[in-house]
1. Do the conditions hold for LEU34, that is, is it farther than 19 Å from GLY280 by Cβ and modelled with pLDDT of 95 or more?
2. Scan SER205, SER246 and give me the residue that is more than 30 Å from LEU47 (Cα to Cα) and out of contact with any Lys or Arg (no Cβ under 6 Å at 6 or more places or on another chain).
3. Looking at CYS223, CYS277 in this structure, which one is hydrophobic (A, V, I, L, M, F, W, C), in contact (Cβ under 8 Å) with a residue 24 or more places away in the chain and within 22 Å of HIS107 (Cβ to Cβ)?
4. Quick check on ARG76: is it in contact with a strand residue (DSSP E or B) (Cβ under 9 Å, 6 or more places away or on another chain), of a type in the set (Lys, Arg) and crowded, with 17+ Cβ neighbours inside 10 Å?
5. Hey, can you tell me all the residues within segment 150-162 that are in a loop (DSSP other than H, G, I, E, B) and surrounded by fewer than 16 Cβ atoms within 10 Å (Cβ to Cβ)?
6. Looking at segment 46-59, can you tell me whether even one residue there is under 19 Å from the mean Cα position of the chain (by Cα) and not in a strand (DSSP E or B)?
7. Going through LEU132, LEU165 one at a time, which residue ends up being buried (at least 21 other Cβ atoms within 10 Å of the Cβ) and not charged (D, E, K, R)?
8. Which of the residues spanning segment 267-291 are modelled with pLDDT under 90 and acidic (Asp, Glu)?
Amino acid sequence: MTGHRDTIYSEDAEILEQQSYAGDQYIIRLHAPLTAAHARPGSFVHLQCNNMLPMRRPLSIMRAHKQAGWIELMYRIFGMGTHLLSQRITGERLSVLGPIGNSFNIHREKIRPLLIGGGVGIPPMIFLADELHADKGGFEPLVLMGSETPFPFTPRPSQIMVPGLPDGVIAAMPLMEDWGIASRLASMQGFAGCFDGYVTELARSWLEAMPKEQLSKVEVFACGPHPMLEAVAVMARDFNIPCQISMEEFMACAVGGCAGCTVKVTTASGPAMKRVCVDGPVFDAACVFPVTA
């Protein structure tokens, strides 16, 4: 193992487990102790899916266990790289660069964090929920997840009441239930117990029902496809609450050299181009989606 830029490490990671789920989705666990030790919610890895394919693929970190030295990644088969990755088996090794990028910034006065994940944007929300759960700082998070393919877990009816959500929306992620964190699911595919609509619509219903004095305790964190993030940014602006988003962009080098993942953001000195890989992937939503005339 060799260090890179002090915070990005190169590791020969062993595959500890790989599980497949409906919708060509997979969760892979890797023994990558350096990455696990330094990973934060929002950071990602750049891994070589197969020796036959030199170009690496960026994947968000879903969970990291510092003591055991493992990280978990969730992905969906999208092209040749992820297809080859899905064929890898326990005991094989992958070249991993990580952790890369910045992380979500938790504010302790915002004790009602709202976490919104869409599709393959769900993993960073799970990582953030894990950190909030371990923090013991009195946080009361609500995790909302949306997907138009089956979720990579078996939903179960929640035992945690969430005032302000529509009747009948009871499907939850078992892991969140085990942690004592409220979660709800949204989909337009008719999955039992799920909200029938966009996850952002479900989030709005919760915020609309919240007493105004409680809104000052809310901060939004989100990751998902671009249209969802834009809708989240508009929602946060409508309710005058802060919002951090994790961007998903195609990347080549993932370490800031090629500038192929730049996005336009608003800064104090005017518009600027920022690299999602190293300047992000986490940004203030208002900077990426400013108010337009």
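The values are calculated or read from the model by the stated rules, or taken from the named source; none is laboratory data. Remember, it's a predicted structure, so these values are computed and weren't measured experimentally. All Cβ positions, even for glycine, are placed from backbone atoms using ideal geometry, and neighbour counts span all protein chains on display.
1. yes
2. None of the other options fit; the residue is SER205.
3. Within the list CYS223, CYS277, the selection yields CYS223.
4. Considered against the rule, which asks whether it is in contact with a strand residue (DSSP E or B) (Cβ under 9 Å, 6 or more places away or on another chain), of a type in the set (Lys, Arg) and crowded, with 17+ Cβ neighbours inside 10 Å, ARG76 comes out as no.
5. PRO150, THR154, GLN159, ILE160, MET161
6. Within segment 46-59, not a single residue is under 19 Å from the mean Cα position of the chain (by Cα) and not in a strand (DSSP E or B).
7. LEU132 is the lone residue from the list that is buried (at least 21 other Cβ atoms within 10 Å of the Cβ) and not charged (D, E, K, R).
8. Residues satisfying the conditions do not exist here.
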